[in-house]
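J.: Following this message is one structure expressed as structure tokens.
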Amino acid sequence: MQNNNFLRAFVGQNLITLKEVDSTNTFLKNILANNEPLPDGTVIMAESQIAGRGQQQNKWYSSTGESLAFSILLKPHFLALASQFQLTQIVSIGVYETLLPLVGNKLKIKWPNDIYVGGRKLGGILIENQVQGSAIKNSIIGIGLNVNQTNFPAWVPNAVSLRQILQTDYDLKALMFEICSHIERWYFKLKEGNGSQLNEAYLHSLYWLNKKGRFKVQDAIFEGMVTGVSAEGLLQVMQDGHVKAYNLKEIQFIHN
Ligand SMILES: O=C(O)CCCC[C@@H]1SC[C@@H]2NC(=O)N[C@@H]21
């Protein structure tokens, strides 16, 4: 962990830490709604998040002082709304790159942006974009990571923490800054028009790529194979020789 040497060039330079908040994403949204000025790259981090939100209206479980919950504000005015999946990619790769030296190659990105280890969820990402015209005005990037928990409540059955995997406690702030620095590197690449390796890096770490798995679409369960992800962020799955693309609401992975 390069915490002490970390140069906070941009993401995380303005850091607001809160003892307790409903949700760091909601907190950021409220500040923006009140037109209060906030610098690009601001990070809101909370020790305790009591109404954390996940994707698809799910609740997100955080444990005070044990899990990482923070939100990054980016203002990617250069990015067209049609390219918003690239933000998903840079954020998931940033988290992935931070954890890879710790966890090793069992670590995967589960489409679109869950962080998985051996079939269990280590972290999640909730990106909420605010749009102006056809460009992204503000991107609120919420990251939740299970770090030092030794157990989870029954309603989060598939979760795992770094501590459960590695039997070590980690410094939450150090992890957070490390994630920020990786995201920042990819963000600048994208901004400078050098995002060509982004898709390759994302696919490289994608769970289930080119492997057979079981999927559920509407009420039908079938065997298929993930062949890629489209530029719009749709999951491409081959079934009986034909590739179809699905959004998050349409398809589910079936865990045996
Ligand atoms: O996997 C998911 O469903 C996404 C979970 C995202 C959780 C983080 S924790 C920090 C930020 N604040 C929230 O309320 N949610 C995100």
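J.: What is the calculated FRET efficiency for residue 244 to residue 173, with r their C-beta to C-beta distance and R₀ = 45 Å, to the nearest 0.05? Write down the numbers at each step before the final one.
T.: On the way: r = 43 Å, r/R0 = 0.96.
For residue 244 and residue 173, the calculated efficiency is 0.55.
J.: Okay, next question. Taking only the C-alpha atoms, wrap a convex hull around the stretch 96-150 and report its volume per residue in Å³ as a whole number.
T.: Working: hull volume 5.4 nm³, N = 55.
Residue-normalised Cα hull volume stands at 97 Å³.
J.: A follow-up question, please. Where the only charges are on Cβ atoms (+1 Lys, Arg; -1 Asp, Glu), what is the dipole of the stretch 165-240 about its Cα centre, to the nearest 20 debye?
T.: Magnitude of the dipole: close to 80 debye.
J.: Between residue 115 and residues 5 or more places away or on another chain, which pairs have amide H atoms under 5 Å apart, with H built 1.01 Å from N, and which residues are they?
T.: Residues meeting the criterion, in which the H sits 1.01 Å from N, are 110, 122, 123, 124.
J.: Can you compute the radius of gyration and Dmax for the stretch 95-229, using only the Cα atoms, both in Å?
T.: Using the Cα atoms of the stretch 95-229, the pair Rg, Dmax is 16.6, 48 Å.
J.: Still on this model: How long are the three semi-axes of the equivalent ellipsoid of the chain, in whole Å, if each is the root of 5 times an eigenvalue of the C-alpha gyration tensor, listed from largest down?
T.: 28, 23, 18
J.: Another question about this same structure. For the chain, what proportion of DSSP beta bridges, expressed in % and rounded to the nearest 5, is antiparallel?
T.: Of those bridges, close to 85 percent are antiparallel.
J.: May I pose another question? What is the gain in length, in nm to one decimal, between residue 130 and residue 185 on full extension, counting 0.36 nm per residue of separation less the C-alpha to C-alpha distance?
T.: Fully extending the segment from residue 130 to residue 185 adds 17.6 nm.
J.: Tell me, what ³J(HN,Hα) does each residue in the stretch 31-48 have, in order and in whole Hz, if you take phi through Karplus 6.51 cos²θ - 1.76 cosθ + 1.60 with θ = phi - 60° and put x for Gly and Pro?
T.: Result, ordered by residue: 4, 5, 5, 8, 6, 7, x, 9, x, 3, x, 4, 10, 10, 10, 10, 6, 9 Hz.
J.: Accessible area per residue of the stretch 212-254 at 1.4 Å probe, in Å²?
T.: 62 Å²
J.: Further question on the same structure: Only Cα pairs within less than 10 Å get springs; with that Gaussian network setup on the chain, which residue of 155, 111, 60 has the largest fluctuation?
T.: Highest fluctuation of the listed residues: 155.
J.: Any idea what the dipole of the chain comes to, in debye rounded to 20, about its Cα centre with Lys/Arg Cβ at +1 and Asp/Glu Cβ at -1?
T.: Here the size comes out at about 360 debye.
J.: Of 176, 45, 225, which has the largest mean-square fluctuation in a 10 Å C-alpha GNM of the chain?
T.: Of 176, 45, 225, the Gaussian network model singles out 225 as fluctuating most.
J.: Calculate, axis by axis, the spread of Cα positions in the stretch 212-254 along the three principal axes, and write the results as whole Å, longest axis first.
T.: 26, 22, 13
J.: Could I ask something else about it? Ignoring ligands, DNA and RNA, what percent of the accessible area of the chain is carbon or sulfur (1.4 Å)?
T.: Ligands and nucleic acids excluded, carbon and sulfur give 47 percent.
J.: In Å², and per residue, what accessible area does the stretch 2-204 have when probed at 1.4 Å with the other protein chains present? Spell out each step's value before the answer.
T.: Values: 9090 Å² over 203 residues.
Accessible surface, normalised per residue, equals 45 Å².
J.: Here's another thing I want to ask about it. Go ahead and set up a Gaussian network model of the chain, Cα springs under 10 Å, then flag whichever of 229, 147, 243 fluctuates most.
T.: 243
J.: Shifting gears a bit: Could you tell me which of rounded, prolate or oblate describes the stretch 122-193, using a ≥ b ≥ c as the square roots of the eigenvalues of the alpha-carbon gyration tensor, with rounded for a/c under 1.5 and, failing that, prolate when a/b is larger than b/c and oblate otherwise?
T.: Taking the square roots of the gyration eigenvalues as a ≥ b ≥ c, the stretch 122-193 is oblate.
The values are calculated or read from the model by the stated rules, or taken from the named source; none is laboratory data. Since the structure is predicted, the reported quantities are computational estimates derived from the model, not experimental observations. FYI the Cβ positions are ideal-geometry reconstructions off the backbone, even for glycines, and counts take in every protein chain you see. All accessible areas refer to the heavy atoms of the entire protein, side chains included, with ligands and DNA or RNA removed. Shrake-Rupley method; radii C 1.70, N 1.55, O 1.52, S 1.80 Å.
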